[in-house]
1. How many residues does region 259-293 contain that are exposed (fewer than 14 other Cβ atoms within 10 Å of the Cβ), in contact (Cβ under 8 Å) with a residue 24 or more places away in the chain and not basic (Lys, Arg)?
2. Of all residues in region 122-145, which are polar (S, T, N, Q), surrounded by fewer than 18 Cβ atoms within 10 Å (Cβ to Cβ) and over 15 Å from GLY104 (Cβ atoms)?
3. Among PHE159, PHE154, which is surrounded by fewer than 16 Cβ atoms within 10 Å (Cβ to Cβ), touching a residue at least 24 places away in the same chain (Cβ under 8 Å) and either touching a His at 6+ places or on another chain (Cβ under 9 Å) or closer than 22 Å to ASP195 by Cα (or both)?
4. If we scan region 238-249, do we find a residue that is under 30 Å from ASP182 (Cβ atoms) and not hydroxyl-bearing (Ser, Thr, Tyr)?
5. If you take the residues of region 124-146 that are out of contact with any Pro (no Cβ under 6 Å at 6 or more places or on another chain) and not in a strand (DSSP E or B), which of them is nearest to ARG186 (Cα to Cα)?
6. Give me the residue from region 296-323 that is assigned to a strand (DSSP E or B) and among the acidic types (Asp, Glu) and, out of that set, nearest to LYS336 (Cα to Cα).
7. Is at least one residue of region 288-295 outside any strand (DSSP E or B) and either in contact with a Cys (Cβ under 6 Å, 6 or more places away or on another chain) or within 28 Å of ARG220 (Cβ to Cβ) (or both)?
8. Please verify whether ARG21 is surrounded by fewer than 16 Cβ atoms within 10 Å (Cβ to Cβ), modelled with pLDDT under 55, of a type outside the set (A, V, I, L, M) and over 22 Å from HIS185 (Cα atoms), treating the condition exactly as stated.
Amino acid sequence: MEDTGIVPDRRFTQSANSGMRLDAGDIFSFFTEESESSVSTLSWKGLYTGIGTWNNLYIGGFAAEYSERDDGEKDIWYTDRKTGYGRKITAGGITAAAKSSFAGIGVSAAATGCRGMENGFFYRVSPYLLISVIRIDLLASGTNDSYISPDGSFPSTEFRRGISMEIKPLSWITLDIGYVSDIKHRRTSDEKYGDYNEELFSDLMVSPGCFMGGCSVKTRNIFTDDSLSNSLDMGFSAGLRQGLSKIVFEKKDSFKNNEIFSRSYRLETGIRKKYIDIYMLGKVKKEEFTEKSIKSRLSLKKGKISVFGEYTIMTTEKNNGDTENFNEYSAGLEVKY
């Protein structure tokens, strides 16, 4: 199901974003920065605020403006469908969450409006019920066809509905089961949009002692006017965790129309001590091409000041035998007060 918040977390994390932020926890935050997505390069500025009352109610709001750079290659896929796309978008919204001590009942809701060349809106309502070891969440959300998301894209979902159930019979066992369906906006000029799709997913996680592992299955059906396609994702993970150290291995297979589409392997390890964090991530993904990458991160901490550096190596092997190599370096300083 979707998260309660309607504003992306603008804190400085492992991303290509750069800028400045004035933050007072969840009470108030102002930011101005540059960010990139798969569809655009954006200049952000805005603020959001939130307040909790009576320990059972949270209300938050935000206002932001983001301007898209005029990158010729990045605007091809949507300009055919909406020729009056606005390069500067203003947006605002509210979010609220309430819970009751009676029978574990609660609800969260959000509404967002934006203005580009046309007015757009997004809404979401998500009630839940907690009974003993079972939690049930419901979801209803959607957008109109002029809504522009913070990454600069036009979300395709006209109406989404869903239900999920979490069962936790023991403290170290969690089972999630859910169903979500989407009704799509009718956009015949864009092949990225279908008419209707549905997903059924299940995850089982266990963590007895220092062991942790799990498996997941997700199936998706996509319906259009004259065709039906389906996909299946299956994943398995296992690892060990001792104190602040861990190592995890993960394998994932993806199928389309009963034929394997991709296979990926992931190995993650990390050690955290009082003054130092070391993190490494290795990936191998086989699809139409093979992609291999290793990311390493080192953080040095002293009090509320931390310095970090990252180094990533990536190799892409295409089916025709061509090979491309990439190296990426980054460093940063974070001060909390």
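1. 4
2. Pass one, region 122-145, residues polar (S, T, N, Q): 126, 132, 141, 143-144.
Then keep just the ones that are surrounded by fewer than 18 Cβ atoms within 10 Å (Cβ to Cβ); that gives 132, 144.
Listed by number, the list holds a single entry, ASN144.
3. PHE159
4. Checked region 238-249: no residue is under 30 Å from ASP182 (Cβ atoms) and not hydroxyl-bearing (Ser, Thr, Tyr).
5. Narrowing region 124-146 to residues out of contact with any Pro (no Cβ under 6 Å at 6 or more places or on another chain): 124-132, 134-137, 139-142, 144-146.
After this cut, where a residue has to be not in a strand (DSSP E or B) as well, the list is 132, 144-146.
Numbers: SER132: 42, ASN144: 11, ASP145: 9, SER146: 12 Å.
Result: ASP145.
6. Of the residues in region 296-323, the ones assigned to a strand (DSSP E or B) are 296-302, 305-318, 323.
Now drop any that are not among the acidic types (Asp, Glu), which leaves 310, 317.
Numbers: GLU310: 20, GLU317: 42 Å.
Residue satisfying both the conditions and the ranking: GLU310.
7. Yes, that holds for at least one residue.
8. So ARG21 fails the test.
The values are calculated or read from the model by the stated rules, or taken from the named source; none is laboratory data. Bear in mind the structure is a predicted one, so any value in this text is a computation, not a measurement. Because the Cβ atoms are built from the backbone with ideal geometry, glycine has one as well, and the counts that use them run over all protein chains shown.
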